[in-house]
């Protein structure tokens, strides 16, 4: 009986929605309807179609559609069109019909039959009352492809006039800008570019527009304005995965202007240039630029700060006495200048560092103490405690070194450096077998920084130190680690017999396989009606491979519900399908971190797959097989080294997917008899993967297949890793890793091993 009532309710609901559709279909084109009402009606159309499709409706039409997809997959566009033409218009499945017609138009475009595609778009405008601005947009693009600029401009302008709030607006403004540029209407070009940037919520798109503006200005000889736009892209990090390319472009163009254009370059552009080259280790050149600024623009710049930057550039060249002289000049000439406290503190700290580097430890300590006494609230006061501690340990004054770390904890218990100080103390006492003291500081880390980057490390060591003498207490900390950080590297270090099924990551991942994407969608679908409509649109656009357009819709929806999990999941998928792997992995990891930290295990398996993807699968498996390395180790290294960004470049010059430095790449290329190797070659995915796999094979042989040492050798270098093996006890791998002198390498080993173990579970 209950089932009968449920079916009756469903039929009545469908019938009521059908009535709404029939009523609105006769009035949908009325110009006087405001956008909110139009959106409401479109939403109901999507809801009806989605409900019917979910319940197995219009199966015959879906069969035609699936046949068309099969033909398309095999490259038969004409046969796909034949199947799609069998799908007739019906009010019950308007979005489905729209999708089939748009797919048919895409097939015609693939065949260069533009008139047929245009006919479909025009028919849809008179027949289908859903997302018409996108149909006009595709019509305009078709006009562009046949060089009908007037009709293209007319169509794009119609979207702006009729749908001013559409997520399409930024893309339309940009396309108009390109058309106006093509027709030599420069003023309109710039106007549309500005509007494209202002209306977009997608940073990567903003970067695209700014680069176009930047290049146009450069070509027109407006070199300084061009540099300003390029600086804005970099400073706002609009395209983070290509930031190094943009920085190098800025460096090259700045130098070209300076050397060949003979223009007066404003000090702000010079300062940005100096800071950029400094970050890439070109300290001598940075010093020269700072000196030139001091000589040319003394009255226009923050003179004390530029002198400080100059002193820092000298210090990093290893010319410590010159750095000391520059610091003394700043302290003598600017200590009484208004609003210069920050520069004075930084200068004192740099001065102390230079003294330390010349062997004047006692003088350095005096300067660190001066910072603490005169500027106790400044961040550099905290750093000064750390430096004094390091000096104490260097001089074998262990108690003094410990004292300064404890003072830091006492004076700044909640600062980020307090976490680091507590970690140093806990590791010192662990190595000294002073268990009670070590436990105190591990617990301090967990209590004061429960979401910090070392909270999971602290929980593990609390369990490891307590378990041998108090199993119940040790298990308490282990369980807390497994509950709060089930995917932590250290969660894998807990013996399997100590893990309950509930907290075993294999079981958690297996449980995720029972959660379907559709059920997750139903649970987390947006509540805001505007966001709902944007979501339906985004899904349709993603299917049509209109990824940029889909991202704009999702970003618009996120303005309404910024933390919506389904929208985040959809964004993750769109980026992956568009080949924006860096963005996709970042989205997936953010979703995963949020869900796991909230102890939420009710999410689909696909989140794990996107967070730990196997991009470049065919080539990696082929190359890994050739060199006899584990492909999952390759993916793990690639994930942690570059986040699958082929344009990645570190400050040290490591490039590409597997972050290979030039000298290593050149050496491997010689071994492989590859004669065309250049520095930029490292940005080519296949070559980078090939070189990285060869290097892993070399490290496997050198370190006798020890995965921990292979990862260490890959990150820090095999020679340095050999020294650590010779001087450090390896009987306990946990102790060995935590005692590696390079903290970056120790953390990198844990990150890669974590990814490797998760990859092995997922795949």
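Structure summary
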| quantity | calculated |
| --- | --- |
| Test: residue in the range 481-501 that is closer than 26 Å to residue 567 by Cβ and over 26 Å from the mean Cα position of the chain (by Cα) | no |
| Any hit, the range 540-561, residues being out of contact with any helix residue (DSSP H, G or I) (no Cβ under 9 Å at 6 or more places or on another chain), closer than 25 Å to residue 163 by Cβ and at pLDDT below 95 | no |
| Only listed residue being assigned to a helix (DSSP H, G or I) and touching a helix residue (DSSP H, G or I) at 6+ places or on another chain (Cβ under 8 Å), chosen from 275, 259 | 275 |
| Residue count, the range 631-662 (criterion: under 20 Å from residue 279 (Cβ atoms) and either in contact with a strand residue (DSSP E or B) (Cβ under 9 Å, 6 or more places away or on another chain) or in a helix (DSSP H, G or I) (or both)) | 11 |
| Within the range 130-163, considering residues that are in a loop (DSSP other than H, G, I, E, B) and touching a residue at least 40 places away in the same chain (Cβ under 8 Å), the one surrounded by the fewest Cβ atoms within 10 Å (Cβ to Cβ) | 163 |
| Close pairs from the range 58-82: first free of Cβ contacts under 8 Å to residues at least 60 places away in the same chain, partner surrounded by 15 or more Cβ atoms within 10 Å (Cβ to Cβ) and not in a helix (DSSP H, G or I), Cβ under 8 Å, at least 6 apart | 61/87; 64/87; 65/87 |
| Tally, over the range 429-483, of residues that are in a helix (DSSP H, G or I) and either free of Cβ contacts under 8 Å to residues at least 24 places away in the same chain or under 23 Å from residue 503 (Cα atoms) (or both) | 35 |
| Failed criterion for residue 95 (all others in (1) assigned to a loop (DSSP other than H, G, I, E, B); (2) buried (at least 22 other Cβ atoms within 10 Å of the Cβ) hold) | (1) |
| All positions within the range 523-535 that are assigned to a helix (DSSP H, G or I) and under 23 Å from residue 602 (Cα atoms) | 523, 524, 531, 532, 535 |
| Some residue of the range 597-607 being surrounded by 23 or more Cβ atoms within 10 Å (Cβ to Cβ) and either on the phi > 0 side of the Ramachandran plot or outside any loop (DSSP other than H, G, I, E, B) (or both) | yes |
| Qualifying position, being touching a residue at least 40 places away in the same chain (Cβ under 8 Å), surrounded by fewer than 19 Cβ atoms within 10 Å (Cβ to Cβ) and outside the structural domain of residue 584 (by TED's automatic domain parsing), among 657, 626 | 626 |
| Subset of the range 350-362 that is surrounded by fewer than 22 Cβ atoms within 10 Å (Cβ to Cβ) and touching a residue at least 24 places away in the same chain (Cβ under 8 Å) - its residue that is nearest to residue 307 (Cα to Cα) | 353 |
| Residue in the range 572-595 that is free of Cβ contacts under 8 Å to residues at least 12 places away in the same chain, in a helix (DSSP H, G or I) and either farther than 20 Å from residue 532 by Cα or out of contact with any strand residue (DSSP E or B) (no Cβ under 9 Å at 6 or more places or on another chain) (or both) present | yes |
| Subset of the range 166-209 that is touching a helix residue (DSSP H, G or I) at 6+ places or on another chain (Cβ under 8 Å) and assigned to a loop (DSSP other than H, G, I, E, B) - its residue that is surrounded by the most Cβ atoms within 10 Å (Cβ to Cβ) | 167 |
| Hits in the range 335-349 (condition: surrounded by 18 or more Cβ atoms within 10 Å (Cβ to Cβ) and closer than 17 Å to residue 298 by Cα) | 340, 343 |
| Odd one out for residue 204 among (1) over 30 Å from residue 271 (Cβ atoms); (2) at pLDDT below 95 | (1) |
| Matching residues in the range 688-703 - criterion: being part of a helix (DSSP H, G or I) and out of contact with any strand residue (DSSP E or B) (no Cβ under 7 Å at 6 or more places or on another chain) | 689, 690, 693, 694, 695, 696, 697, 698, 699, 700, 701, 702 |
| Only listed residue being over 30 Å from residue 149 (Cβ atoms), in contact (Cβ under 8 Å) with a residue 40 or more places away in the chain and more than 37 Å from the chain's Cα centre (by Cα), chosen from 89, 93, 50 | 93 |
| Residues satisfying the stated conditions in the range 51-71, i.e. farther than 18 Å from residue 102 by Cβ and not in a helix (DSSP H, G or I) | 55, 56, 57 |
| Residue 735 vs. criteria in contact (Cβ under 8 Å) with a residue 40 or more places away in the chain and surrounded by fewer than 17 Cβ atoms within 10 Å (Cβ to Cβ) | yes |
| The range 550-568, residues that are surrounded by fewer than 23 Cβ atoms within 10 Å (Cβ to Cβ) and in a helix (DSSP H, G or I) | 555, 558, 559, 560, 565, 566, 568 |
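Results for (1) under 17 Å from residue 293 (Cα atoms); (2) touching a strand residue (DSSP E or B) at 6+ places or on another chain (Cβ under 9 Å); (3) in the same structural domain as residue 681 (by TED's automatic domain parsing); (4) at pLDDT 95 or above, shown as yes or no for each residue.
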site	(1), (2), (3), (4)
215	no, no, no, yes
225	no, no, no, yes
231	no, no, no, yes
237	no, no, no, no
245	no, yes, no, no
250	no, no, no, yes
261	no, no, no, no
264	yes, no, no, no
280	no, no, no, no
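To keep it simple, each residue is scored yes or no on (1) more than 16 Å from residue 307 (Cα to Cα); (2) without any contact (Cβ under 8 Å) to a residue 40 or more places away in the chain.
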{"site": "246", "(1), (2)": "yes, yes"}
{"site": "262", "(1), (2)": "yes, yes"}
{"site": "279", "(1), (2)": "yes, no"}
{"site": "284", "(1), (2)": "no, yes"}
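The values are calculated or read from the model by the stated rules, or taken from the named source; none is laboratory data. Since the structure is predicted, the reported quantities are computational estimates derived from the model, not experimental observations. Every residue, glycine among them, receives a Cβ derived from its backbone with ideal geometry; neighbour counts consider all protein chains shown.
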